[in-house]
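Below: one structure, written as structure tokens.
The values are calculated or read from the model by the stated rules, or taken from the named source; none is laboratory data. Here the structure is a predicted model, which means the values were calculated and not measured. Methodologically, a virtual Cβ is constructed for each residue, glycine included, from the backbone with ideal geometry; neighbour enumeration extends over all protein chains shown. With ligands, DNA and RNA removed, areas are computed over all heavy atoms of the protein, side chains included. Shrake-Rupley method; radii C 1.70, N 1.55, O 1.52, S 1.80 Å.
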Amino acid sequence: MSTELPTTYSSKDTEAKWYKQWEDGKYFKPKKGKTNKSFCLIVPPPNVTGKLHAGHALDITTQDSLIRFKRMKGYETLFLPGLDHAGIATQSVVEKMVYDEEKKTRHDFSREEFVKKIWAWKEEYGNTILDQQRAMGASCDWDYLTFTLDPIPNQAVKRFFVELYNQKLIYQNDYIVNWDPALQSAVSDAEVEHKDVQGAFYHIKYQIKGSADTLEVATTRPETLFGDTAVAVNPEDERYKHFIGKTAIIPLCNREVPIIGDEHVDLEKGTGCLKVTPGHDFNDFEIGKRHNLPIINILNKDGTLNDQGMEFKGLSCKEARKRVAKKLEELELLIDTKNHMHPVGHGERSGVVIEPMISKQWFVNVKDMSKRAVEAVESDETKFFPKEWENTYFAWLRDPKDWCISRQLWWGHQIPVFYCDECGHQWASEHNETECSKCKSKKIHQDPDVLDTWFSSGLWPMSTLGWPNEQAMKEKRFETFFPNSVLITGFDIIFFWVARMMMMSLKSQNKVPFKEVYIHAIVRDKLGRKMSKSLGNGIDPFDMIEQYGTDAFRFALASGAGYNRGINLDPERIGGYRNFINKVWNAYRFIQPHLEGATTIKDLQKLDHHERWIISEFNTTAKLMNESLEIYRYDDASSAIYSFVYDKYCSWFIELSKNILNGDSKEVKAQRASVLKFVFKKMLALMHPITPFITEELWSHLKDKNEDLLIAQAYPEFDPALEFKDDQDQMNKFVEVVTGIRNLRASVNIKPKDEVNVELFTDNQDLIHYFRNNLVNFQELARVKDLKVGVKDLSRPSKSIMNITTHTEIFVPLEGVIDLKEQIARLEKELSKTEADYKKYEAKMNNENFMKNAPENVREEVKRNEAELREKICGLKENLSQFKS
RNA sequence: GGGCGUUUAGCUCAGCUGGGAGAGCGCUACCCUUACAAGGUAGAUGUCGGGGGUUCGAUCCCCUCAACGCCCACCA
């Protein structure tokens, strides 16, 4: 029977084919399973501007593997895809594009026109990442696909906003915010990156009014002195405390400001004398509040100085700093300049220096919400895997600052607050208002700002399932899938996203949004560096898929995903798993021609030792896989299936089957073929969640006509009826002895083709039988010609090389000359190794305290090992003396 | 400055409640053995970061030092 299968597996031919069949066959849609339980996992919506990167690939791998696992286990599964509008990121992409193409900025368009352009861009390019998720094998129900700006999420945002607004938990306030002059928007604390920058301390002389005295103030930002409304010293400071209450005169603008005492001022730092600029410094803003200081804004929205800056008006801060310093120097008010490295906030997205600035912003009071979010995790309503990440979560929620939710952008959910231009009334509404709810005037306008992207992301577990639209909730089966079963994401967004979903869901639904959170590692390059555009060290998932196939890529990611915080991904490792996938392919190529006579296995007891052994090994592997995947130990699951396929099925079971399949007995052949097939099919099922494509492909070759696709098969679980401990134990000993023989052959350079005679001695009667029954296998696996098996009191062959295990002595008699020296050296090495081992146990046995304190099972094990090693040493010594004589 | 974490074979990492140091990749030698050279067989490699302590016993627990990483805050 000839086979047409090529020797290497081609991922390209199979992947797209199976994805289409799954999707067309509606296998991704939730279906009631045997557990009658549901399982829902929502994809963290990637940015609509995004391209799939290695982190996303890990997201999809861990999520999809889990979903496929649960689906096969009989849960009604929903894997829900989505897209995030990603306010700033998307708007700036389109702004850049429009500028490149038309040399226009968004201000050259009306808001409506420009937003239309962004939508057009989204329709054209926004689906790229979804196709890439498909290529990764994501078994999402695409009918659920939700975009954060879709009507229902929009309704959700408004509903939630209005609720909080009416409870006075959303309020507007003058606030010092991180102002991004490039984006011309406030950005959140979390979007500000602090980088060390070389700057300087400028020591400036401030005159004290009605006195000849001066104060020496140190600042890194002399240009902000136009916004100073006080000078502060520490009230404990002996040098300055007598100035408190007096008035200082600010240079250049000659404003008179009070000298105040405030504990924030550090006696050691600078000169111990601080200029207070509440409009442009976070700490100064706090000081200002404490002392009721006026706030002066000296900057325009683009970060240049406004009218307050006098002759420096219109200059950037950086430029103004130089000129102000120069001017002060000319006036002899600049006493000193000292170089100083200090951290400066930069916009994470724009990269420019963030200016603290006062503006009117919307805030959410998160005090109560955060408390409940903390309690939900403390009480295990939501569990973190690995548990350590709770700390990160708590750290943020236990000391929350109110959340600034307004953004000065056009792309996003517009804040549903309306103002009456006639009576000044302000109200929030989830509807499109046309008249003032108070005076009925038609002259109203909506707040121009949009909401922080995380405001809509925070409602994601609810809004994707239809909330708050009752009709949609019914259709999308909110009751079944909310709360979600688990959230899988990276630790970098525990603050941004996880915490907010927890708060918002508890507030709105009085329920946690998901029962478990698995935090996976961050993918780095093989040197452990973050993948970044600037380093050019990013791994493009598509290159990997192209080069090695999706299954190999998924397997590599899964094998690195456990409770660790980083995966250093080296493409070479993916290559290694590509080889593994190919191994599976070739295992199938081997068994395929023999399967004709295969039937279902009726009586396990009638199987032979090796057949029971492989089934038992399989059973153990199934147990491990189930346990590991249940707790997100993808690494353990991968290594379990890897070693089963490689070390058990291929290296031993297939090798042990060759002589049977090439033999004469039809009956024995059929039985072996049946077991080969049975285990292979089960093995495909075990692997399927991690490597869906090749397993589905091979399944299609092996399945019975009435069997469904693999994706819909039951996941193998531990079955006590498939456990054969004795067979596993004897097989292990057999493997040891075969390896021992091979080892001996290698030690005297016997050619792989040449046959040898072997004599085995053991005191274990069962083993004697077992070995005798395995004559043909010794011949096949170790090129043994004649095999003698006997008890240890028989005499050993004289001219021979030997090896020894704890249960069996192995002799290979040799005709020609053996290098006695070499053999003695080898045995002596083995002896000293064994003796070193033995000493550890001997010491324990002689240690009274150990025998008194150690638990029973540990003592037993030590005794057993001690006895086994003692016997091995005995045998080694005996044979050594024979060699030497 | 505050917090969290890491340090185990050349590399990437496992190691469960303390009880004989593991895997994959890489490396070496020999093999084109009839599923697979993307293969087979055999093999080498560790002061488990340093020091101290608890214990009959420590890679694991405690203290301390060092290096590295991440997060938060921030000094005028």
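Rg and Dmax of the stretch A:794-885 over Cα atoms: what are they, in angstrom?
16.3, 55
At R0 = 22 Å, how high is the FRET efficiency between A:T35 and A:K511 if r is their beta carbon distance? Nearest 0.05 is fine.
For A:T35 and A:K511, the calculated efficiency is 0.55.
Over the stretch A:248-342, how many percent of alpha carbon pairs lie in each 10 Å bin up to the one with the longest distance?
13, 40, 41, 5
Taking all protein chains together and a probe of 1.4 Å, list A:H346, A:H53 from the most accessible to the least accessible.
The most accessible residue leads, giving A:H53, A:H346.
Report, to two decimal places, the Cα Rg of the stretch A:544-690 normalised by 2.2 N^0.38 Å (N = number of residues).
1.14
First check a/c for the stretch A:679-718, with a ≥ b ≥ c the square roots of the eigenvalues of its C-alpha gyration tensor; if it is under 1.5, answer rounded, and if not, answer prolate when a/b is larger than b/c or oblate otherwise.
oblate
When the accessible area of the stretch A:149-260 is split by element with a 1.4 Å probe, what percent falls to carbon and sulfur?
47 percent
Among A:416-423, A:374-381, how do they line up from the highest to the lowest mean number of other beta-carbon atoms within 10 Å? Numbers along the way, then the final one.
Details: A:416-423: 17.5, A:374-381: 14.6.
Packing order, densest peptide first, comes out as A:416-423, A:374-381.
Kirkwood hydrodynamic radius, the stretch A:746-860, all distinct C-alpha pairs: what's the number in Å?
On the way: mean 1/r = 0.0598 Å⁻¹.
Kirkwood radius, the stretch A:746-860: 16.7 Å.
Counting only DSSP beta bridges with both residues in chain A, tell me the antiparallel percent, nearest 5.
The antiparallel fraction comes to roughly 70 percent.
When a/c is below 1.5 the answer is rounded, else prolate if a/b is larger than b/c, else oblate, so apply that to the stretch A:429-495 with a ≥ b ≥ c taken from the square roots of the Cα gyration tensor eigenvalues.
Verdict is oblate for the stretch A:429-495.
So what's the back-of-envelope 222 nm ellipticity for chain A, counting only DSSP H runs of four-plus at -39500 (n - 2.57) apiece and dividing by all residues, rounded to 500?
On the way: 29 runs with 377 residues, N = 885.
Computed ellipticity for chain A at 222 nm equals -13500 deg cm²/dmol.
Output needed: Cys residues of chain A lacking any neighbouring Cys C-beta below 4.7 Å, sorted by number.
A:C40, A:C140, A:C253, A:C273, A:C317, A:C404, A:C650, A:C874
Report, by chain and number, residues whose modeled amide H sits under 5 Å from the one on A:G790, excluding near sequence neighbours (fewer than 5 apart, same chain).
Those qualifying (amide H under 5 Å, at least 5 residues apart or on another chain) are A:L760, A:F761, A:T762.
I need the Kirkwood Rh of chain A: take the reciprocal of the average 1/r across all distinct C-alpha pairs and report it in angstrom.
33.4 Å
Where does each of A:503-511, A:388-396 land if you order them by average Cβ count within 10 Å, highest first?
So the peptides A:503-511, A:388-396, ranked by packing, come out A:503-511, A:388-396.
Kindly report the accessible area of chain A per residue (heavy atoms of protein chains, probe 1.4 Å, no ligands, DNA or RNA), in Å². Provide the component values of the computation, followed by the final result.
Details: 40930 Å² over 885 residues.
Here the residues of chain A average 46 Å² of exposed surface.
Taking H as built 1.01 Å from N, whose amide H comes closer than 5 Å to the amide H of A:I539, not counting residues under 5 places away?
It is A:A54, by chain and number.
For the stretch A:700-793, what does the alpha-carbon gyration tensor say about shape, rounded, prolate or oblate, given a ≥ b ≥ c as the root eigenvalues, a/c under 1.5 as rounded, and a/b over b/c as prolate? Don't skip to the end; give the middle numbers.
Details: a/c = 3.30, a/b = 1.88, b/c = 1.76.
Judged from the Cα gyration tensor, the stretch A:700-793 comes out prolate (a/c at least 1.5, a/b above b/c).
In whole percent, and with a 1.4 Å probe on the protein chains, what portion of the accessible area of the stretch A:734-884 is carbon and sulfur?
Details: 4180 of 8720 Å².
Reported share for carbon and sulfur atoms: 48 percent.
Compute the convex hull volume of the Cα atoms of the stretch A:135-181, divide it by the residue count, and report the result per residue in Å³ as a whole number.
177 Å³
Give the carbon-plus-sulfur fraction of the accessible surface of the stretch A:604-681 in %, rounded to a whole number; probe 1.4 Å, heavy atoms of protein chains only.
49 percent
If contacts are Cα pairs under 8 angstrom and at least 6 residues apart, what is the relative contact order of the stretch A:658-716 in percent? Please report the intermediate quantities before stating the final value.
Details: 37 pairs, mean separation 16.5, N = 59.
Relative CO of the stretch A:658-716 lands at 28 percent.
What ranking, highest mean first, results for peptides A:353-365, A:765-777 when packing means the other Cβ atoms within 10 Å averaged over each residue?
A:353-365, A:765-777
May I ask you to derive the FRET efficiency for A:E842 and A:S643 from their Cβ-Cβ distance with R0 = 30 Å, giving the value to the nearest 0.05?
After rounding, the FRET efficiency stands at 0.35.
Would you tell me the accessible area of A:S10, worked out with a 1.4 angstrom probe on the heavy atoms of the protein chains, in Å² to the nearest 10?
Here the residue's solvent-accessible area equals roughly 40 Å².
Applying 1/(1 + (r/R0)^6) with R0 = 60 Å to the Cβ-Cβ distance of A:T739 and A:K443, what FRET efficiency is obtained, to the nearest 0.05?
With a Förster radius of 60 Å, E is 0.10.
Using every alpha carbon pair in the stretch A:371-444, what percent of pairs falls into each 10 Å bin from 0 up to the bin containing the largest distance?
So the P(r) values, bin by bin, are 16, 26, 19, 20, 14, 4.
For the stretch A:147-299, what value does the Rg/Rh ratio take when both radii are computed over Cα atoms and Rh is the Kirkwood radius, given to two decimals?
Rg/Rh for the stretch A:147-299 comes to 1.12.
For A:S185, list long-range residues whose amide hydrogen, built 1.01 Å from N in the peptide plane, is under 5 Å from its own amide hydrogen.
The answer is A:D180.
Grab the eigenvalues of the alpha-carbon gyration tensor for the stretch A:605-718, scale each by 5, take roots, and send me the semi-axes largest first in whole angstrom.
Output for the stretch A:605-718: semi-axes of 25, 17, 12 Å.
How much length is gained if the chain between A:E388 and A:K116 is pulled fully straight, taking 0.36 nm per residue apart and subtracting their Cα-Cα distance, in nm to one decimal?
93.4 nm
Once you put a point 7 Å from the Cα of A:Q547 and another 7 Å from the Cα of A:T806, both along the Cβ direction, what distance in nm separates them?
Those two pseudo-labels are separated by 4.4 nm.
Under a point spin-label approximation (7 Å from Cα along Cα-to-Cβ), what is the A:R477-A:E23 distance to one decimal in nm?
2.1 nm
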